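Values in this text are rule-based calculations from the coordinates and carry no lab data. The structure displayed is predicted, hence computed values, not measured ones. Glycine gets a Cβ as well: all are built from the backbone with ideal geometry, and neighbour counts include every protein chain shown.
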Number of protein chains: 2
Amino acid sequence: MFELAESDPELSKEEAGPLEDELRTALLKAQYARLQQKNCALLIVIAGIDGAGKGATVCMLNEWMDARHIHTLAFDPPSASEQGRPWLWRYWKNLPAKGKTGIVFGSWYRPLLQEAARKKPRQKRLLALSRAVREFESTLAQNGVQVVKLWYHLSRQAQSDRTEKLLSDPDTAWQVRPEDLKVKKKFPRLRDAGALAISLTHEAHAPWAVIPAADTQMREISTGQVILAALRKRRIAPRQPISQADTATLESPAPSLDNLDYSARLGEDEYDKLLPEWQGRLARLVRHKKFAQTPVVLVFEGQDAAGKGGTIRRITHALDPRQFRAIPISAPSTEELTRPYLWRFWRDLPAPGHISIFDRSWYGRVLVERVEKYATETEWQRAYEEINQFESQLLASGTVVLKFWLAISKEEQLERFRAREDSPFKSFKITPEDWRNRKQWDAYTKATNDMFKYTSTQACPWHVVSANDKPHARVAVLQQVVKALENALDLD
Amino acid sequence: MFELAESDPELSKEEAGPLEDELRTALLKAQYARLQQKNCALLIVIAGIDGAGKGATVCMLNEWMDARHIHTLAFDPPSASEQGRPWLWRYWKNLPAKGKTGIVFGSWYRPLLQEAARKKPRQKRLLALSRAVREFESTLAQNGVQVVKLWYHLSRQAQSDRTEKLLSDPDTAWQVRPEDLKVKKKFPRLRDAGALAISLTHEAHAPWAVIPAADTQMREISTGQVILAALRKRRIAPRQPISQADTATLESPAPSLDNLDYSARLGEDEYDKLLPEWQGRLARLVRHKKFAQTPVVLVFEGQDAAGKGGTIRRITHALDPRQFRAIPISAPSTEELTRPYLWRFWRDLPAPGHISIFDRSWYGRVLVERVEKYATETEWQRAYEEINQFESQLLASGTVVLKFWLAISKEEQLERFRAREDSPFKSFKITPEDWRNRKQWDAYTKATNDMFKYTSTQACPWHVVSANDKPHARVAVLQQVVKALENALDLD
């Protein structure tokens with residue numbers, strides 16, 4: 001894999017000159033074509049042996065291309081607020097818009113490379129990390145973000161020669177970082193780690209290119225050529241995602257809206273007794289010191305007028321306003337449309353000790369977007385797996401995730417629609433769109449049942465709550481939330 | 001100020017019922033009218049005596065109004081990453097879009113109230129904090145964000161009765177926070193602190209309303225009425241901002257583009273010697289441990305083709321990609337247009353140990369927006385003061401701010417435009433817009449000279465660099481940056 005790069009090939013300035021002129025013109029053209037089409041973002045991952053000129057490459061790309069449309073995404077080790085989130089959070093959050101280019105430095109390969117460079121890499125962790133990387137890149141590729149990965153490489157001798165040369169002049173010595181000095185000793189291990197990471201994550205839709213880095217001209221021209229090819233390439237669709245049985249064990253049998261029992265009722269007296277009781281229990285829980293370490297995500301879906309808002313308010317009543325954010329999800333904004341559809345949900349993930357309450361959610365992809373044909377069949381079919389992966393990553397980071405479907409019958413919905421129309425301050429909740437959606441009742445029911453079937457996993461099941469009786473639904477949800485938290489905090 | 005509220009007025013459920021129905025309908029109507037007009041955001045600041053039902057008010061507003069268009073902005077004490085920024089940073093960052101409503105909890109009044117509640121408030125700090133608050137609210141009011149502030153108040157006896165009552169039932173005891181218990185003892189001091197803060201910051205464009213909070217119905221109805229009035233009100237323009245001589249001492253004489261000397265030149269040999277020397281010096285500085293505490297903002301302005309990009313790259317060459325972000329400023333996005341024009345710059349402020357390099361900046365308001373008439377005369381006239389305040393806040397937070405104007409002559413620009421057109425990979429830099437701007441040379445010169453006159457302060461002066469000779473300009477800028485940093489880090 002590294003034979004050519006370790007032969008330290010060179011390119012004379014005379015050879016490189018005309019190549020560079022040609023490349024820069026072509027790169028700019030390709031960059032502008034991308035910007036105009038706006039159908040795909042490009043992420044360039046910069047990795048490789050320390051002291052191989054990775055930093056200089058960032059400068060070069062900003063000079064060769066139009067820097068106004070390039071984002072350098074350089075990541076320090078994770079900050080405190082980043083450590084409390086899933087580890088891919090910061091990469092998700094910073095995805096460039098379609099048409100734009102991002103140069104990623106300190107990428108999602110860092111943990112994988114660190115593990116691979118250990119004396120005895122832990123196989124299980126290696127596989128888990130490389131799998132997470134592959135899932136991430138596959139989701140990106142399928143959602144309008146092209147990824148190309150460059151590995152800067154040179155021979156052990158050339159690396160140490162380069163480092164020594166820089167050190168010999170006080171005006172260039174600063175270019176040598178402490179890591180660069182350690183390479184000589186650890187070279188074989190770092191090389192093998194790179195080779196392993198590359199072989200575990202090289203995919204047609206997210207390929208690696210090894211860049212010979214000993215000679216500046218060779219490094220620059222090779223970099224430019226690889227990026228030009230990437231910019232010009234038609235997007236390669238990834239293979240079908242890894243089957244979901246692989247990542248998440250589905251609940252069997254899955255819940256269903258068919259033959260649901262809507263009879264549960266709670267009398268007024270009972271409600272007045274139970275509601276404050278469970279709110280109090282929730283309130284004490286979220287004020288418990290253990291809770292400060294726990295991020296919580298609550299997802300509310302359900303038919304129109306199922307009572308999501310009222311149920312959410314019964315929960316937030318027990319919370320400190322500083323602890324939660326209620327996030328209403330409606331049609332995506334222009335900014336959101338230029339990113340993968342999961343992007344906006346990643347942005348709203350809670351820090352430890354905080355609760356994000358989604359009033360509708362990423363499940364819109366397989367519900368309204370499917371029924372109204374905003375997403376293609378390929379897109380929403382694929383989304384089940386993408387969602388399962390997303391939720392697995394949340395769970396893996398220690399986030400408590402609860403998904404509720406508030407279910408009402410078709411007759412009950414009609415009654416509520418009419419009651420809303422009659423109320424001066426509830427009529428705003430009922431629009432022609434609600435009536436249109438109602439006509440699609442069966443299509444939504446089918447989409448919902450499919451959603452249960454493919455995304456109700458053992459680790460993250462759907463809680464279907466009969467909501468024809470609001471008091472019953474509110475208390476039932478509160479109880480589930482409390483029990484899940486007690487369980488997560490080890491307090492039950 | 002608090003007589004009425006401390007008489008703990010009540011409203012029976014019978015009286016409140018019809019009022020509530022009417023209010024909710026009117027609130028929703030007013031909210032939707034706002035959403036449609038999209039010319040103004042509304043920020044509702046919730047403050048007052050602890051244990052007066054502020055948290056319950058947030059719940060109520062989310063129920064009475066359409067929660068999908070309300071953002072609850074509840075702030076914990078500042079996090080580590082927030083502490084490294086100007087203290088208003090987090091409030092700026094979270095401003096809602098025009099048309100939307102934000103409920104602010106843990107607002108920018110916290111430090112002022114804390115100071116005012118000390119046994120012996122420090123007069124200087126009190127005045128500085130209240131001045132910062134007034135400047136902030138005035139800038140908001142003038143840029144499409146209406147602010148209304150509610151102070152929840154009740155008598156000492158009613159506060160402690162309410163707290164005791166909640167405590168007596170285990171299901172409501174959690175509603176009492178540790179702060180609420182301390183109020184009884186400190187009541188007079190907290191009341192006086194509130195009265196002082198209110199009298200220092202009550203403005204027609206950002207008024208305070210005192211809400212009687214002892215009785216739930218009275219609290220709810222009063223809250224709704226105040227917010228309804230605010231939603232319905234035509235925006236009140238603030239008075240002329242406090243004159244700038246007040247906030248920042250202007251440089252005298254201010255720099256000017258007239259009669260500028262463009263003769264400075266640097267020979268090739270000298271450049272090849274000086275450039276790495278100063279880059280090395282900069283590189284060592286930003287790797288110094290003291291630098292980790294310092295945020296840096298570099299602003300680059302100048303005529304088209306003055307060489308901003310090339311100069312910036314000579315600086316970034318000495319930096320670690322993780323340390324800096326180069327931020328190219330072009331026309332604002334849809335998202336940015338719905339916020340005050342300074343919003344997007346606040347978002348990009350650096351953390352300590354980081355450098356934000358603005359390639360064009362907030363000065364666009366008084367340059368391109370003035371000349372091209374994108375801003376009204378009132379808007380750009382006002383901007384001088386808003387910018388001075390913004391930069392004062394940056395300096396006050398310990399940020400190093402350097403502003404460079406790269407100046408070229410009209411003849412030199414013509415030569416560069418032509419050379420760019422002839423270069424295959426530079427022609428992208430030259431567009432019809434550049435030629436159009438060039439026709440407005442005199443108008444831009446006038447705008448630039450005015451900008452120097454009104455924003456070159458002693459604390460944050462403009463550095464005008466003759467840039468007809470690129471090597472000279474690059475080294476001159478590098479030297480200024482290095483010297484300013486050495487000075488800030490106390491290393492010179």
Could you tell me how far the Cα centroid of segment A:42-89 sits from the Cα centroid of segment B:65-109, in Å? 29 Å
A student asked for the Cα radius of gyration and Dmax of segment B:104-184 in angstrom ought to give 16.8, 48
Looking at the protein assembly as shown only, what percent of DSSP beta bridges run antiparallel? Nearest 5 please. 5 percent
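Using the Cα centre of segment B:1-71 as the reference point, and only Cβ charges (+1 on K/R, -1 on D/E), how large is the resulting charge dipole? Debye, rounded to the nearest 20. Display every interim value, and only then the final one.
Working: 7 positive and 12 negative charges, 147 e Å.
Computed charge dipole of segment B:1-71: roughly 700 debye.
Show me A:265-275, B:444-454 ranked by packing, highest mean number of other Cβ atoms within 10 Å first. Intermediate results must be reported in sequence, preceding the final value.
On the way: A:265-275: 13.9, B:444-454: 18.8.
Averaged packing, sorted descending, gives the order B:444-454, A:265-275.
Would you tally the net charge around residue A:425, using a Cβ to Cβ cut-off of less than 13 Å, leaving residue A:425 out, and scoring K and R as +1, D and E as -1?
Working: positive: A:420, A:426, A:429, B:24, B:29; negative: A:421, A:422, B:20, B:21, B:22, B:63, B:66.
Within the 13 Å Cβ shell, the charges total -2.
Determine the percent antiparallel among the DSSP beta bridges restricted to segment B:3-232, to the nearest 5.
Among the beta bridges of segment B:3-232, antiparallel pairing accounts for roughly 5 percent.
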Protection-proxy order for peptides B:111-119, B:295-303, each taking the mean of Cβ atoms within 10 Å per residue, highest first: B:295-303, B:111-119
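Within 10 Å of each Cβ of B:423-430, how many other protein chain Cβ atoms are there on average? Kindly include the intermediate steps, with their values, before the conclusion.
Details: counts 3, 7, 14, 3, 2, 8, 3, 0.
Mean shielding count: 5.
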For residue A:276, net neighbour charge (Lys/Arg +1, Asp/Glu -1) across residues whose Cβ lies under 15 Å away: 0
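By how many nm would the segment from residue B:39 to residue B:422 grow when fully extended, if each residue of separation counts as 0.36 nm and the alpha-carbon distance is taken off?
Numbers: separation 383, 0.36 × 383 = 137.88 nm, distance 4.56 nm.
That works out to 133.3 nm of additional length.
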Name the long-range amide H neighbours of residue B:145: under 5 Å, sequence gap of 5 or more, or other chain; modelled H, no Pro or chain starts. B:41
Every other copy gets compared here: list the nm distances from the residue A:372 label point (7 Å along Cα to Cβ) to its counterparts, shortest first, one decimal. 3.4
Charge dipole magnitude, Cβ of K and R +1, D and E -1 - chain A, Cα centre, debye nearest 20: 540 debye
What percent of all Cα-Cα pairs in the protein assembly as shown falls into each 10 Å bin, going from 0 up to the bin containing the maximum distance? 2, 10, 18, 22, 20, 16, 9, 3, 0, 0
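Within chain B, what percent of beta bridges assigned by DSSP are antiparallel, to the nearest 5? Working shown, then result.
Details: 2 of 47 bridges.
That works out to approximately 5 percent antiparallel.
Using only atoms on other chains, find how many Cβ atoms lie within 10 Å of each Cβ of peptide B:16-25 and report the average.
Values: counts 0, 0, 0, 0, 1, 3, 2, 1, 5, 6.
Taking all residues of B:16-25 together, the mean is 2.
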Return the average number of partner chain Cβ atoms within 10 angstrom of each residue Cβ along peptide B:327-334. 2
Against the globular-protein guess of 2.2 N^0.38 Å, express the Cα radius of gyration of segment A:246-488 as a ratio, rounded to two decimals. 1.00
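Relative to the present Cα-Cα distance, how much length would full extension add between residue B:81 and residue B:216 at 0.36 nm per residue of separation?
Numbers: separation 135, 0.36 × 135 = 48.60 nm, distance 3.82 nm.
Working it through step by step, the gained length comes to 44.8 nm.
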With the dipole of segment B:3-232 worked out from charges on the C-beta (+1 for Lys and Arg, -1 for Asp and Glu) around the Cα centre, which of B:209, B:89, B:102 lies farthest toward the positive end? B:89
Wrap a convex hull around the Cα atoms of chain A, take a quarter of its surface area, and give that in square nanometres. 26.7 nm²
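Using 0.36 nm per residue, how much length does the chain from residue A:348 to residue A:94 gain when fully extended, once their Cα-Cα distance is taken away?
Values: separation 254, 0.36 × 254 = 91.44 nm, distance 1.28 nm.
Separation in residues times 0.36 nm, less the Cα-Cα distance, equals 90.2 nm.
With only Lys, Arg, Asp and Glu charged, each at its Cβ (+1 for the first two, -1 for the last two), find how big the charge dipole of segment B:284-371 is about the Cα centre; round to the nearest 20 debye. Show your work: numbers first, answer last.
Working: 15 positive and 8 negative charges, 98 e Å.
Here segment B:284-371 has a charge dipole of around 480 debye.
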What number comes out for the charge environment of residue B:334, summing +1 per Lys or Arg and -1 per Asp or Glu over other residues with Cβ under 13 Å away? 0
Between residue B:189 and residue A:257, how many nm apart are label points set 7 Å from Cα along the C-beta direction? 5.9 nm
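Span-like helices, chain B: DSSP H, alpha-carbon axial extent 30 Å or more, mean Kyte-Doolittle -1.0 or greater, which ones?
Numbers: long enough: B:13-37 (36 Å, -0.90).
Span-like helices, by this rule, are B:13-37.
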So which aspartates and glutamates pass the test for residue B:289, namely a Cα distance under 13 Å, with those fewer than 8 places away in the same chain ruled out? B:486, B:490
Would you work out which of A:61, A:176, A:27 lies farthest towards the positive end of the dipole of chain A? Charges go on Cβ: Lys and Arg +1, Asp and Glu -1. A:176
Using θ = phi - 60° and the Karplus form 6.51 cos²θ - 1.76 cosθ + 1.60, what ³J(HN,Hα) does each residue of segment A:368-376 get, whole Hz, x for Gly and Pro? 4, 5, 6, 5, 8, 6, 6, 10, 6
Between B:143, B:71, A:378, whose Cα lies farthest towards the positive end of the dipole of the protein assembly as shown when Lys and Arg beta carbons carry +1 and Asp and Glu beta carbons carry -1, centred on the Cα centre? B:71
